[in-house]
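J.: Before anything else, here's the structure in question.
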Amino acid sequence: MFLSISFGQRIDSTLYAILEAKGEWNSYYQLNDSMDYDYISISATLDSIAFQGDGSIETRVLRRLFHPLLGQTDKHQAMRQVDAIRSAYPFINEQTLISFARFGEKHIAALVAYYPQFKSEISGIIGTSKGNDGKWITTGEFDIHLENPRKQGTSMAVEWRQPNVKSRYLNFMYDTPFLFSLPLGARIGFDQDFVEKTYVSESSMGAITGLWPMGIWMFGGKKETNLDLILDESFETESLIIGFSGDRRNNRWLPFRGNYWESILNLGRWSDGESGEKSAEVEVKFGQYKPWKESTLYFSVWAHNNWMDGRQLPYSKQVKFGGAGSLRGYHENQFNADWVIVQSSEWIMGDMDRSQLFLFTDIPFADGLNIQPGYGLGFRQYNGKIMINIAVGFSGTLSNAKIHLKFSSNL
């Protein structure tokens with residue numbers, strides 16, 4: 001008798017494991033007259049969602065966010081949609097849990113226990129180093145980023161940069177996951193770039209956004225005006241924007257697992273009032289965290305290319321790079337080129353979610369430039385309210401050091 005019960009329990013466990021692997025909610029195995037098991041497949045559809053959480057997001061917004069779950073016919077399909085939602089909206093993090101229950105014969109309900117991690121912050125970067133004349137040069141950046149100010153999942157960012165004493169950059173961006181009552185989101189932006197006695201550039205963009213299996217897509221338009229103060233000429237660029245992005249990192253502040261990606265393509269035409277030709281701009285970012293023993297290895301690639309048919313690319317349209325955000329060990333925006341690729345690597349140690357000690361290398365490839373890689377060491381710490389990121393970078397000799405300091409504070 002004991003052996004029969006034990007054997008029956010093993011069969012039940014095996015069949016249950018098979019059903020779990022299939023991911024089907026309403027199917028089962030039934031014992032037939034031949035003492036064998038028949039697989040009975042009954043379709044069931046997820047047709048209702050309930051929410052449990054801290055009330056930080058309005059329920060109607062949550063229903064929009066998780067609407068793609070409705071109509072799914074098995075657990076695997078539903079969880080793939082959950083992964084896509086997490087990739088598109090990083091505040092829906094790994095702590096958000098999904099459970100399923102059957103009611104009636106063919107109905108499935110989902111319970112979403114959400115614990116979002118919004119990242120509203122004020123941050124800055126300070127860089128200091130000696131110039132060729134022996135004087136110390138101070139550069140900086142100031143950024144305000146607000147998420148979910150009205151419990152609707154929206155975000156707004158204002159960024160100001162001064163790479164040196166003669167240039168300034170200002171950017172504004174607003175993003176909403178849902179525009180009015182439509183199942184689409186929207187993104188609008190404006191930026192201004194100015195270099196004293198060189199050029200003034202202004203641009204504005206608008207796009208709709210939506211969910212896809214890898215994260216979020218974007219489609220819209222951009223208009224840009226440029227005034228070259230050296231050549232005393234101006235031109236305009238109008239282009240279509242196509243973008244894709246996703247973020248599957250495990251932490252908004254100090255990530256150490258997962259990956260992220262973003263690609264933006266602008267296709268259009270430039271015009272100087274007399275002639276007009278094709279133009280293109282493409283930017284790609286990718287980063288991956290990999291655990292290695294008691295540490296983490298981080299690899300990333302950033303590539304940016306601008307092109308204008310029929311003329312040499314003006315300085316205002318060239319890619320500016322160098323400094324804390326792109327190539328450590330150099331001044332902010334020290335270099336400019338038609339295209340650039342920077343491959344970065346970090347070996348990260350520490351308790352990961354609170355503090356990280358890291359060694360890094362930034363290897364650049366740029367059009368017409370021969371630039372030595374940047375390398376060095378740094379430290380990041382987040383105490384729940386304030387994050388500090390400091391890195392000491394070198395380019396060439398150890399005596400040629402640059403200090404990059406960034407602070408962030410919760411709002």
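The values are calculated or read from the model by the stated rules, or taken from the named source; none is laboratory data. Small disclaimer: the values here were computed from a predicted structure and weren't measured. Please note: Cβ atoms are built from the backbone with ideal geometry, for glycine as well, and neighbour counts cover all protein chains shown.
J.: What number of residues in segment 187-242 are without any contact (Cβ under 8 Å) to a residue 12 or more places away in the chain and under 30 Å from Val82 (Cβ atoms)?
T.: Count: 0.
J.: So which residues in segment 237-262 are more than 30 Å from Tyr115 (Cβ to Cβ) and either in contact with a helix residue (DSSP H, G or I) (Cβ under 7 Å, 6 or more places away or on another chain) or loosely packed, with under 15 Cβ neighbours inside 10 Å (or both), if there are any at all? Step through it out loud before you land on a result.
T.: Within segment 237-262, the first condition is being more than 30 Å from Tyr115 (Cβ to Cβ), and the residues that meet it are 237-242.
If the condition is that a residue be more than 30 Å from Tyr115 (Cβ to Cβ) and either in contact with a helix residue (DSSP H, G or I) (Cβ under 7 Å, 6 or more places away or on another chain) or loosely packed, with under 15 Cβ neighbours inside 10 Å (or both), then Leu240 is the only one that fits.
J.: Assuming Leu357 fulfils every condition listed in (1) part of a strand (DSSP E or B); (2) over 24 Å from Lys119 (Cα atoms); (3) more than 22 Å from the chain's Cα centre (by Cα); (4) without any contact (Cβ under 8 Å) to a residue 60 or more places away in the chain apart from one, which condition is it?
T.: Going through (1) part of a strand (DSSP E or B); (2) over 24 Å from Lys119 (Cα atoms); (3) more than 22 Å from the chain's Cα centre (by Cα); (4) without any contact (Cβ under 8 Å) to a residue 60 or more places away in the chain one by one, Leu357 breaks only (2).
J.: Quick one: how many residues across segment 220-245 are modelled with pLDDT under 95 and small (Gly, Ala, Ser)?
T.: 1
J.: Filter segment 203-220 down to residues that are among the hydrophobic types (A, V, I, L, M, F, W, C) and within 25 Å of Leu313 (Cβ to Cβ) and give me whichever is surrounded by the fewest Cβ atoms within 10 Å (Cβ to Cβ). Don't jump to the end; show me each part of the working.
T.: The first filter runs over segment 203-220 and keeps only residues among the hydrophobic types (A, V, I, L, M, F, W, C), leaving 205, 207-208, 211-212, 214, 216-219.
Restricting the remaining residues to those that are within 25 Å of Leu313 (Cβ to Cβ) gives 205, 207, 218.
Details: Met205: 19, Ala207: 21, Met218: 21.
Out of the qualifying residues, it is Met205.
J.: Can you confirm whether segment 273-285 contains a residue that is under 12 Å from the mean Cα position of the chain (by Cα) and either assigned to a loop (DSSP other than H, G, I, E, B) or under 23 Å from Gly210 (Cα atoms) (or both)?
T.: Taking segment 273-285 first, the residues under 12 Å from the mean Cα position of the chain (by Cα) are 284-285.
Checking the rest, the ones that are also either assigned to a loop (DSSP other than H, G, I, E, B) or under 23 Å from Gly210 (Cα atoms) (or both) come to 284-285.
Yes - at least one qualifying residue is present in segment 273-285.
J.: Still on this structure, I have one more. Only one residue in Leu179, Leu170 is assigned by TED's automatic domain parsing to the domain that holds Gln334, over 28 Å from Ala324 (Cβ atoms) and of a type in the set (A, V, I, L, M, F, W, C), so which one is that? Show your work before the answer.
T.: Details: Leu170 fails: over 28 Å from Ala324 (Cβ atoms).
Of the residues listed, the single one that is assigned by TED's automatic domain parsing to the domain that holds Gln334, over 28 Å from Ala324 (Cβ atoms) and of a type in the set (A, V, I, L, M, F, W, C) is Leu179.
J.: Let me ask another. From the list Leu254, Leu240, Leu211, which residue is within 19 Å of the chain's Cα centre (by Cα) and either part of a strand (DSSP E or B) or outside the structural domain of Thr198 (by TED's automatic domain parsing) (or both)?
T.: On the way: Leu254 fails: either part of a strand (DSSP E or B) or outside the structural domain of Thr198 (by TED's automatic domain parsing) (or both); Leu240 fails: within 19 Å of the chain's Cα centre (by Cα).
Only one candidate qualifies: Leu211.
J.: Here's a follow-up. In this structure, is Ile208 closer than 21 Å to Gln152 by Cβ, of a type in the set (Val, Ile, Thr) and out of contact with any Leu (no Cβ under 9 Å at 6 or more places or on another chain)?
T.: No.
To keep it simple, each residue is scored yes or no on (1) surrounded by 22 or more Cβ atoms within 10 Å (Cβ to Cβ); (2) modelled with pLDDT of 95 or more.
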| site | (1), (2) |
| --- | --- |
| Gly325 | no, no |
| Tyr330 | yes, no |
| Asp338 | no, yes |
| Leu357 | no, yes |
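J.: Could you check segment 40-71 and list, in sequence order, the residues that are under 27 Å from the mean Cα position of the chain (by Cα) and part of a loop (DSSP other than H, G, I, E, B)?
T.: Asp54, Gly55, Ser56, Ile57, Glu58, Phe66, Leu70
J.: Now for a separate question. Taking segment 366-410 as the region of interest, how many residues are within 24 Å of the chain's Cα centre (by Cα) and exposed (fewer than 14 other Cβ atoms within 10 Å of the Cβ)?
T.: Summing the residues that are within 24 Å of the chain's Cα centre (by Cα) and exposed (fewer than 14 other Cβ atoms within 10 Å of the Cβ) in segment 366-410 gives 5.
J.: So, one more: Hey, can you tell me all the residues within segment 188-202 that are under 16 Å from Tyr315 (Cα atoms) and either under 29 Å from the mean Cα position of the chain (by Cα) or of a type in the set (A, V, I, L, M, F, W, C) (or both)?
T.: Of segment 188-202, the ones under 16 Å from Tyr315 (Cα atoms) are 192-202.
Correct list: Gln192, Asp193, Phe194, Val195, Val200, Ser201, Glu202.
The rows are residues; the columns are (1) on the phi < 0 side of the Ramachandran plot; (2) assigned by TED's automatic domain parsing to the domain that holds Ser201; (3) assigned to a loop (DSSP other than H, G, I, E, B); (4) touching a residue at least 40 places away in the same chain (Cβ under 8 Å).
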| site | (1), (2), (3), (4) |
| --- | --- |
| Ala303 | yes, yes, no, no |
| Gly310 | no, yes, yes, no |
| Ser316 | yes, yes, no, yes |
| Val340 | yes, yes, no, no |
| Ile348 | yes, yes, no, yes |
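J.: I need a count of the residues in segment 165-187 that are over 21 Å from Leu69 (Cα atoms) and buried (at least 18 other Cβ atoms within 10 Å of the Cβ).
T.: So the answer is 5.
J.: Here is a further query. Suppose we filter segment 208-263 for residues that are more than 24 Å from Gln77 (Cα to Cα) and of a type in the set (Ser, Thr, Tyr); how many remain?
T.: 5
J.: Looking at the structure I just gave you, is Ser271 touching a residue at least 24 places away in the same chain (Cβ under 8 Å), surrounded by fewer than 18 Cβ atoms within 10 Å (Cβ to Cβ) and out of contact with any Leu (no Cβ under 8 Å at 6 or more places or on another chain)?
T.: Numbers: touching a residue at least 24 places away in the same chain (Cβ under 8 Å): yes; surrounded by fewer than 18 Cβ atoms within 10 Å (Cβ to Cβ): yes; out of contact with any Leu (no Cβ under 8 Å at 6 or more places or on another chain): yes.
Yes.
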